[in-house]
Each structure stands twice: as structure tokens, then as C-alpha cells.
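**Student:** Quick one: the structure is below, and I'll ask about it shortly.
The values are calculated or read from the model by the stated rules, or taken from the named source; none is laboratory data. Predicted, not measured: the structure shown is a model, and the values here were computed from it. Neighbour counts run over all protein chains shown; Cβ positions are idealised from the backbone, glycine included.
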Amino acid sequence: MNRQVQAPVWPDAPDAAPLGDDRCATRLHRPTTVDALCDAVREEVEQGGAVYPQGGRTALDYGRPPGRPGAAVDVSALDEVIDYPHADMTITVRAGMTVSTLRGILAEKNQRLLIDVPWPDRATLGGALATGVCGPRRFGLGRPRDSIIGVSFVTSNAVEVKGGGRVVKNVAGYDFPKLLTGSMGTLGVITQATLKVRPLPGASALIWLPVDDPAKLDERLAALASSALRPVAFDFLSPSAARLVGGPVGLGRDAWTLVVGIEDDANSVDWQVDRFRVEAERADFDVLRDDATAPLWTALTEFQVETPGPFACSASLRPSQVAAFLADLPAERWALQAHAGVGVVRMQALGEWGGDEAEAAIAGKRAEAVRGGGNLIVTRCPTPWKARIPVWGESRQDWALGRAVKRALDPEGVMNPGRFVGEDG
């Protein structure tokens, strides 16, 4: 006799908290201590529910829809500084601290965080690490996994596990700091992290150079490889992206645009700007300096969360493939930002799109990325589309390893079910 599987029953109204993709939590926990967080996880597991970690709620619609009813666990009250030996250039803080608060604490010691995070007044450190968010400075400063050296998290067994540390490395078993970074909350609830930090730069400059077409990008990348310049960002914008990013600061033009970010001491920044002028063999570019760069840095970082159209994608490529990937994307249909030095292309769809049209466009560009050894994910789209569009891209062999790790750390599939790669919900 066949048993009929019942669909999960979701709350009709957001009485507790939104989970994203038009689904709501059965209830909301706001623990103020790690012990209270463990109690909340234990309670939900014992009742057969799921646990959805939350902080600033800036990425609720990222990934696939939640897989089954469960409780939201808001860790934003866990926001203390645990240890800050600034001379060692490390800091340990609770994961619920907002990125802007963390930046303020570091700035008091003339230091800074090494990752760009959109909406820093809302985004928490734990959320930034769990999503693996990156921005334009990834070229020079690296990814979140390059900054994190220690992590603590609560597992589905309702215990806090620690990995890494300020002066030690994992020598056996899981490398928890890197494993938790980008895990989308599917392995546990991050409670604190230890990060490498660096001194604030003495000066900064952003060079804004209009170019004729995407083909020019290959020339610039080739020149950069042999250049004495040491930029921290090397971005390429389509005409519509240039208007979105540069328009608010008076730089938007209807042209493909190269943006080069330089941060160092004042003499080095002066020299590098002059050197760029010599190597580019052009002087018709704009340069923002020091405090005037802040709005443009913010706009470059937050392009990835702009919503000019119904969906957005992110492609991972070899840097040498970026120009060709951009060339056949209609400028009137896409706003494009390439972190060209690291091969990341952010794609914001413009105007009206039907589901079939979007699916075909995504599949075509994903196939192109995969042929070159990369991939393409959908970072934002209407919830109904997620039933037919593989938002995490082409299946890869290492997904099986990821599922094995998930089973080892979360055997009942309690943590953020359904949201991440290779999950059935």
C-alpha cells in the first residue's frame, strides 16, 4: 500500500519571523547567551522542527526556499567583543555584531576588516561569514575564508563546537573556520569568529576610466600582470552598471568603465595613480581621493544587492574568460559588474523578463561558464522560478563531499534545511 506524503504545513502569517521566499517561521527565538541558543536548538530538535539561523536578514531569499517548517533563531543579541589583542592584528567577536559596529571598533585602533559587506548597518558578522559575501576588494584583500582563523558554532546536538584559534591551526579533522564560511547556516549556528585584521590605509584612490568595449578588458588584464601597480580592486562595469554605481557620485556615463582601487600610504597612492596614467597612455579619467572614495566603494560593494530587474546571477570564471563572457550580453538587458581580477561577474537583469526567457538565458550563460571550468548561480529570482531553475548552478562532484559533511555534523538535517547545494529540502 502506497503512503501519501503530506506537504509541509507552513504558518499562514508572519507571526514569528520571515524565513525568505514567502515562508514564515513557526516561532522566533532571540537568545542572549550561547547557553540560551543551545536550549533553543535543543527544544526545536526535540519537537522535530528545523532551525533557521538569522542575523540582519539581508540574505533571506538567497539560495533555495526553506525545506520544512521550523523556528527562526536570531543571534543578533550575541554581539560582544571576546578578545581584541590589537597588536597581534586579530579580533574575536560574537557573530551577532553588525559589520558597521565591528568596523567602528577596529577603526579606534586604526585597523580594518578585510571583507566588503553590503548593508553593513544590518548585516551581522555571522551572516557575512555564512554567506561568504565578497566585494570589489577581494582582488587585493581576499575572501572571508582568507580572514577567518577561528570559529565557534552550535550544532544540531545543541552543543558549542570550537575550531581554529588566534595562534593555532587545525592539524586533523575538519578545518571548521573555512568549512563554516559559506555554509549558509546548514552545518550549525555560528556564535563567534576570530579574524585577521590589518591597519587602515593612509590614503586611497579610485580611478574611473571609460573604455570602448569589453574587448579592452583583456588588454588591461594583460598589462596588469606585468605592471608595478598593486590595486586592491579591479572592476569592469557595463554602461548601465556604470550609471547605477557612478551616477550618485557624478561619474555615471553611458560607456563600459574600468574602476581601479588603490589603497596604501599617501606617497604610494600618488605614485600608483601617476603610474597608471603612464601605462594607460591616457589622461582622460577621473580620480577620487581619500574621503571622496567612500560613496563609490559602497556603491561598488552594494551593486550585488541592487534590484533593477526581477533576477540576478553571479558567474565564476577564469579572469582570462571574463571579456568574452561579457561581450555577447545585451547591454540593454543586463547591468554587469566584473571583479575582473578574480573572475567573478555579477549580472543584474534589467526590464521585464518571462520565466521561460530567463531560464533560457541563465542556462546559456551557465553552460558557457561550465565549459570554461566555472559555474553560474542565481542569487535572486522570484520564488516560483526556483522550482525549475538550479539556483546553485551545475552540479559538481564535490557536492557529494558536502552532503557527507552535512550528514556528519547535522544527521537529522535540522539546520537551515533545503537552502543549500544538493539538498532536497
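**Student:** Of the conditions (1) modelled with pLDDT of 95 or more; (2) out of contact with any Lys or Arg (no Cβ under 7 Å at 6 or more places or on another chain); (3) closer than 30 Å to residue 407 by Cα, residue 201 satisfies every one except a single condition; which number is it?
**Tutor:** Among (1) modelled with pLDDT of 95 or more; (2) out of contact with any Lys or Arg (no Cβ under 7 Å at 6 or more places or on another chain); (3) closer than 30 Å to residue 407 by Cα, residue 201 violates only (3).
**Student:** If only one of 370, 342 is within 30 Å of residue 260 (Cβ to Cβ), within 23 Å of the chain's Cα centre (by Cα) and in contact (Cβ under 8 Å) with a residue 60 or more places away in the chain, which one is it?
**Tutor:** Unique residue meeting the criteria: 342.
**Student:** Quick check on the range 251-264. Is at least one of its residues more than 23 Å from residue 348 (Cβ to Cβ), assigned to a strand (DSSP E or B), in contact (Cβ under 8 Å) with a residue 60 or more places away in the chain and assigned by TED's automatic domain parsing to the domain that holds residue 351?
**Tutor:** yes
**Student:** Still on this structure, please answer the following. What pairs come out if I take residues in the range 19-36 that are more than 22 Å from residue 62 (Cβ to Cβ) and pair them with residues that are at pLDDT below 95 whose C-beta lies under 6 Å away, six or more apart or interchain?
**Tutor:** Close Cβ pairs satisfying both conditions: 27/16.
**Student:** Consider residue 146 carefully, then state whether it is assigned to a loop (DSSP other than H, G, I, E, B), in contact (Cβ under 8 Å) with a residue 24 or more places away in the chain and outside the structural domain of residue 315 (by TED's automatic domain parsing).
**Tutor:** In short, no.
**Student:** Counting only residues that are modelled with pLDDT of 90 or more and charged (D, E, K, R), which one in the range 372-402 is farthest from residue 188 (Cα to Cα)?
**Tutor:** 388
**Student:** Moving to a separate point now. Considering (1) within 19 Å of the chain's Cα centre (by Cα); (2) in contact (Cβ under 8 Å) with a residue 40 or more places away in the chain, say which one residue 347 fails and leave the rest.
**Tutor:** (2)
**Student:** Restricted to the range 121-142, and to residues that are part of a loop (DSSP other than H, G, I, E, B) and under 9 Å from the mean Cα position of the chain (by Cα), which residue is surrounded by the fewest Cβ atoms within 10 Å (Cβ to Cβ)?
**Tutor:** 132
**Student:** Filter the range 259-288 down to the residues that are touching a Lys or Arg at 6+ places or on another chain (Cβ under 8 Å), of a type in the set (A, V, I, L, M, F, W, C) and surrounded by 21 or more Cβ atoms within 10 Å (Cβ to Cβ) and list them by number.
**Tutor:** 262
**Student:** Now for a different question. Name the single residue, out of those in the range 37-69 being without any contact (Cβ under 8 Å) to a residue 60 or more places away in the chain and among the charged types (D, E, K, R), that is surrounded by the fewest Cβ atoms within 10 Å (Cβ to Cβ).
**Tutor:** The qualifying residue surrounded by the fewest Cβ atoms within 10 Å (Cβ to Cβ) is 46.
**Student:** Restricting attention to the range 362-389, report how many residues are more than 16 Å from residue 342 (Cβ to Cβ), of a type in the set (A, V, I, L, M, F, W, C) and assigned to a strand (DSSP E or B).
**Tutor:** Total meeting the criteria: 1.
Yes/no per residue for (1) among the β-branched types (Val, Ile, Thr); (2) at pLDDT 95 or above; (3) touching a helix residue (DSSP H, G or I) at 6+ places or on another chain (Cβ under 9 Å):
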{"residue": "112", "(1), (2), (3)": "no, yes, yes"}
{"residue": "151", "(1), (2), (3)": "yes, yes, yes"}
{"residue": "162", "(1), (2), (3)": "no, no, yes"}
{"residue": "172", "(1), (2), (3)": "no, no, no"}
{"residue": "178", "(1), (2), (3)": "no, no, yes"}
